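Below is one structure; the comments refer to it alone.
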Amino acid sequence: MTIQSDLQKTVATAQLLLGTYATFAESTQDETVKKMFQEMSQDMQRHINSLNLRLSYLEKNNPMYQQQQPKKQQQ
């Protein structure tokens, strides 16, 4: 397993949690609890953004993750 695939799985899990927090926030009548879950959702979105930035960095700057360009055929 590579760092890239680990990060992709982590992003997917974090997105699942983001949805769960948002659902909890919408389903409660208690304004204090609603605010708590909304804040947790915002925190999770920041985490997702950070993870995606790291993933993008790896894809752009790490030769191990870059796809090799096909060589042009000479005519």
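Could you put 48, 3 in order, starting from the residue whose Cβ has the fewest other Cβ atoms within 10 Å? Write out the running numbers ahead of the final one.
Numbers: 48 18, 3 13.
Fewest to most other Cβ atoms nearby, the residues stand as 3, 48.
Charges were assigned to the Cβ only: +1 to each Lys and Arg, -1 to each Asp and Glu. The resulting dipole of region 3-61 about its Cα centre is roughly 240 debye. Taking a straight Cα-Cα cut-off under 20 Å and skipping sequence neighbours fewer than 8 places away in the same chain, the aspartates and glutamates within cross-link reach of residue 35 are 26, 43.
If the chain linking residue 59 and residue 6 were pulled fully straight, counting 0.36 nm for each residue of separation and taking away their Cα-Cα distance, it would gain 17.8 nm. The value given for region 3-61 is a Kirkwood hydrodynamic radius of 12.2 Å, derived from the mean inverse Cα-Cα separation.
Quick note: the coordinates plus some simple rules give every number you see, no bench work behind them. Source: prediction; values computed, not measured. As a convention, Cβ positions derive from the backbone with ideal geometry for all residues, glycine included, and neighbour counts pool all protein chains shown.
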